[in-house]
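Laboratory data are not the source of any read-out in this text; all were calculated from the coordinates shown. Everything numeric in this text was worked out from a predicted model, so none of it was measured. Ideal geometry is used to build each Cβ from the backbone, glycine not excepted, and the neighbour counts take in all protein chains shown.
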Amino acid sequence: MQGMMMDSALNLRHYLERSGRLFPSKEIVTRTTGGFARYTYGDYHRRTHRLAHALAKLDVREGDRVASLAWNHGRHLELYYGVPSFGAVLLTLNLRLPLDQLAYIVNHADAKVIFVDAPLLHILEEIKERIPGVRHLVAMREDGQPMPASTFPLIDYEDLLAATRDDLYPWPELGETAAAGMCYTSGTTGNPKGVLYTHRSLCLHNYALAMADSFAFSERDTLLQIVPMFHANGWGMPFAAVMCGSKIVLPGAQPQPADLAEMIERERVTIAGGVPTIWIGLYRAIEEKPVDLSSVRMFVVAGSAMPRQLMETYQRQLGIRIVQAWGMTETTPIATLSVLKSEMRHDTEDDQFAVRAKQGIPLPGVELRVVDECGKEIAQDGETMGELQVRGPWVTSGYYDDARNAEAFQDGWFRTGDVVTLDPEGYIHIMDRTKDLVKSGGEWISSVDLENAIMAHPKVLEACVIAVYHLRWHERPLAVVAPTPQYRGQITRDEILEFLAGRVAKWWLPDDVIFVDSVPKTSVGKFNKKVLREQYKTL
Ligand code: ADP
């Protein structure tokens, strides 16, 4: 029909071009072994074009999977935009995965090329025999870092870029439903499941993250990209920051909490995201060596439930607002966000924190419903629990080539496997993952609620609650607690149980409390319940 808008496809390339041209002097900073490497969006733009020429030389075709096995740094960011703009699909491999899973992913996704950090090459050496489909390995090195010894023919990233003098690549016209990225979710039993993102889903997610009611990304921001870029698109933050032309700070290999603190002060960071264990670690680092945090406008927490106490501590002692979001690899990932409605502005601080400790309301574009076991929507009373289901333009419509799709969807809705309550204001509150709920005598106990209640104890640093088998009740909660170092050996089981007594129902009280120095973490920094269940299964 005439008189309509142009049918122009949403494409990541557009943001790369815009930022490269409009903000050529804006900085992208990477922490390296010897200090900090700095370059500009102008350099980034040129190098990304050269990368596209290089991909063509490596005979990468549109739709091919190009993998990365890398920490957060400038070169990885070049792959983030360069690979999809070229028309290929960036598969970000989690460098902490068990080797079997890594080999499975490389083969299942049919990766043709892997861009690997030189110090991580040994990982690929170990699975070499099992990934015959990989045609090229490209090593990414910090300036001055030696080329690693390898039994593979290895290409140097910088050589590859230097091989072309052409700073402009004629980007292809891609349909907006062309695949742009791919991640595998780690939190499953059995093999990891693959999710394919399209240009359209990533572009729309970008806009959602730039909304004032979500992360409000802007050109004035300085992003510290803490979330590993191999975890669910780094939560979409690198994509959104490049879209806006924000300054980007990348922590490089193995950043420790003290490194993050230093970067926040030195680079005047305004925004960062991380799982709760990051914020626990950062707080301790700042306690030990205070830094200037005055540039920070918000931290985002997601991935696991944020202990409310920690959120309050950041706000009251450091003046920092931590906003909680919820999402999954399957939802690009950000889907809900806990921001206060204007009518809540005059509520007591206590009531406001109660809302902010929830996972929030859906972003515009995402629809959610909460259903019982029969698929019927539950009462919106903030108490009844049910399974969260979502749908929307950045929610997966099915795992890549996977037999488990049938059980993952219900009437066009994606089944998240998260058990939540929904309150009358529309805020969801995660109670647990279905598999982590403690099913005691036919009733459900939320391990997340118990953990948060325990982590409110001043002597506790980390707490993780798992179900252990019980003859009579089927399952009972067991608490695994890491005290803050100065209280190691100085806190008792009874102290914890007494502390909980007034805060949770009596039948929720853990049957036992075990003290450890540190709770084991998953590859993306969440408490590792699988390991703990295995460890204490005979209890
Ligand atoms: P993995 O499966 O590797 O942990 P994901 O990041 O995809 O990777 O995990 C998504 C899951 O993380 C969600 O299904 C949910 O259980 C949990 N999650 C994400 N955000 C939150 C949050 N704010 N509070 C509680 N749980 C969360």
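Averaging the Cα positions of each part gives two centres, and for segment 250-295 and segment 139-189 these lie 28 Å apart. Working note: Debye formula, equal point scatterers on the alpha-carbon atoms of segment 156-306, no solvent; log10 I(q)/I(0) at q = 0.09, 0.17, 0.18 Å⁻¹ is -0.36, -1.12, -1.20.
Round to a whole angstrom and tell me the spacing of the C-alpha centers of segment 498-532 and segment 432-462. Each part reduced to its Cα centre gives a spacing of 7 Å. With the Cα gyration tensor of segment 111-162 giving a ≥ b ≥ c as the square roots of its eigenvalues, does the rule (a/c under 1.5 for rounded; else a/b larger than b/c for prolate; else oblate) give rounded, prolate or oblate? Note, shape of segment 111-162 comes out oblate.
When we measure straight from the Cα of Lys459, which lysines land under 26 angstrom away, once same-chain ones fewer than 8 places off are left out? Qualifying lysines at Cα under 26 Å: Lys289, Lys358, Lys506, Lys521, Lys526, Lys529, Lys530. If you take the Cα centroid of segment 19-33 and the Cα centroid of segment 385-416, the two points sit 37 Å apart. Where both bridge residues fall in segment 218-350, DSSP classifies roughly 20% of the beta bridges as antiparallel.
For a straight C-alpha distance cut-off of 17 angstrom, the lysines reachable from Lys112 (same-chain residues fewer than eight places away being disregarded) are Lys57, Lys128.
Each label point is 7 Å from the Cα along the Cα-to-Cβ direction; what then is the distance between the points at Ala258 and Asp517, in nm? The modelled label-to-label distance comes out at 1.7 nm.
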